[in-house]
Amino acid sequence: MRFDIISANTKILECSLFHGMISRAVKKGLIEIYIHNLRDYAEGKYKQIDDIPYGGGSGMILKPEPVFKCVSKLKEKTCYDEVIYFSPQGEKLTQKTVNDTSLLGNLILICGHYKGIDERIIAKLVTKEVSIGDYVLSCGDIPAYVFIDSVTRVIPGALGDGESAITDTFQVETGFDHPQYTRPEVYKRLRVPKVLLSGNHREIKIWREKKALSKYKKYLKNNKN
Ligand code: SAH
């Protein structure tokens with residue numbers, strides 16, 4: 001799977017993407033990541049990538065020309081399944097979208113900044129707008145990171161233990177992963193539940209399902225609109 005990220009602030013991505021699980025997936029050849037600096041596609045002496053909004057108002061808007069230029073250059077060499085723009089107005093990212101996306105091949109990811117991007121980019125280039133939640137961030141680079149991490153995680157082979165991703169919260173029938181404990185057996189006078197030390201796999205499975213379900217019910221109650 002290949003991600004081409006178009007960004008006005010590539011440092012955020014350079015600092016965050018090439019560590020841990022994502023960098024291991026790159027090394028294993030499961031994913032490829034290319035970061036494209038919008039400024040490299042800007043014209044004129046000042047390499048301007050943004051400008052003030054028509055009609056007035058606050059903030060700066062990413063200009064269309066550099067984004068169009070970058071996308072068309074990428075499309076000369078590669079076919080893309082989607083051109084995604086990260087936006088608080090987009091379709092909310094869920095585990096289902098993440099799972100479906102992991103089956104795709106090549107993606108262009110456009111990160112906005114400041115007040116947003118020229119609407120003509122969305123009209124002509126973008127095939128899907130993706131939001132990572134109902135709140136507003138100052139740029140699309142962190143959403144791009146969240147997106148790539150969540151998608152890569154479910155690609156077979158990306159995690160050390162192949163079981164991990166499919167037993168996670170939102171992947172399992174109970175809705176939530178069960179509570180986890182590790183050594184020591186007693187910490188600050190808090191004991192690991194006895195059943196987990198029993199070696200009785202049937203009992204452990206029942207206990208885990210019960211606990212996961214009760215946490216999931218609480219989550220549903222707290223997240224009711
Ligand atoms: N004026 C816009 C917000 C711009 S925020 C509005 O009110 O809708 C600047 C950039 O941050 C956006 O272009 C987008 O790329 C990114 N961004 C902010 N919040 C986001 C979210 N919840 N999900 C995905 N991207 C987001």
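In table form, for the structure just shown:
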read-out: Selection within segment 182-204 - exposed (fewer than 14 other Cβ atoms within 10 Å of the Cβ) and within 33 Å of the chain's Cα centre (by Cα); value: Thr182, Arg183
read-out: Checklist (1) open to solvent by less than 70 Å² (accessible area, probe 1.4 Å); (2) at pLDDT below 95; (3) touching a Gly at 6+ places or on another chain (Cβ under 7 Å) applied to Gly112, failing item; value: (2)
read-out: Every pair of residues 6+ apart whose Cβ atoms lie under 6 Å, when the first sits in segment 68-91 and is more than 16 Å from His113 (Cβ to Cβ) while the second is open to solvent by 20 Å² or more (accessible area, probe 1.4 Å) and assigned to a helix (DSSP H, G or I); value: Lys69/Tyr41
read-out: Meets criteria (open to solvent by 70 Å² or more (accessible area, probe 1.4 Å) and under 13 Å from the mean Cα position of the chain (by Cα)) for Lys96; value: yes
read-out: Criterion violated by Asn37 - all others in (1) farther than 19 Å from Lys11 by Cβ; (2) out of contact with any Phe, Trp or Tyr (no Cβ under 9 Å at 6 or more places or on another chain); (3) open to solvent by 30 Å² or more (accessible area, probe 1.4 Å); (4) modelled with pLDDT of 95 or more satisfied; value: (1)
read-out: Segment 134-168, residues that are more than 8 Å from the chain's Cα centre (by Cα), within 19 Å of Cys111 (Cβ to Cβ) and more than 9 Å from the ligand (Cβ to nearest atom); value: Thr152
read-out: Number of the exception - Ala158 against (1) more than 17 Å from Arg2 (Cα to Cα); (2) surrounded by 15 or more Cβ atoms within 10 Å (Cβ to Cβ); (3) not assigned by TED's automatic domain parsing to the domain that holds Gly29; value: (1)
read-out: Unmet requirement for Ser131, which otherwise passes all of (1) open to solvent by 50 Å² or more (accessible area, probe 1.4 Å); (2) near the ligand (Cβ under 6 Å from one of its atoms); value: (1)
read-out: Inter-residue pairs, beta-carbon under 7 Å, first aromatic (Phe, Trp, Tyr) and in segment 15-43, second part of a helix (DSSP H, G or I), 6+ apart; value: Tyr41/Pro66; Tyr41/Lys69; Tyr41/Cys70
read-out: Residue, farthest from the ligand (Cβ to nearest atom), within segment 52-110, restricted to residues that are of a type in the set (Phe, Trp, Tyr) and over 18 Å from Ile33 (Cα atoms); value: Phe68
read-out: Residues (in contact with a helix residue (DSSP H, G or I) (Cβ under 7 Å, 6 or more places away or on another chain) and closer than 26 Å to Gly55 by Cα) located in segment 94-116; value: Ile110, Cys111
read-out: Verdict on Pro179 being under 20 Å from the mean Cα position of the chain (by Cα), more than 30 Å from Pro64 (Cβ to Cβ) and not β-branched (Val, Ile, Thr); value: no
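The values are calculated or read from the model by the stated rules, or taken from the named source; none is laboratory data. Not measured: the values here are computed from a predicted model. Methodologically, a virtual Cβ is constructed for each residue, glycine included, from the backbone with ideal geometry; neighbour enumeration extends over all protein chains shown. Just so you know, the surface numbers come from the protein's heavy atoms only, side chains and all, with ligands and any DNA or RNA stripped out. Shrake-Rupley method; radii C 1.70, N 1.55, O 1.52, S 1.80 Å.
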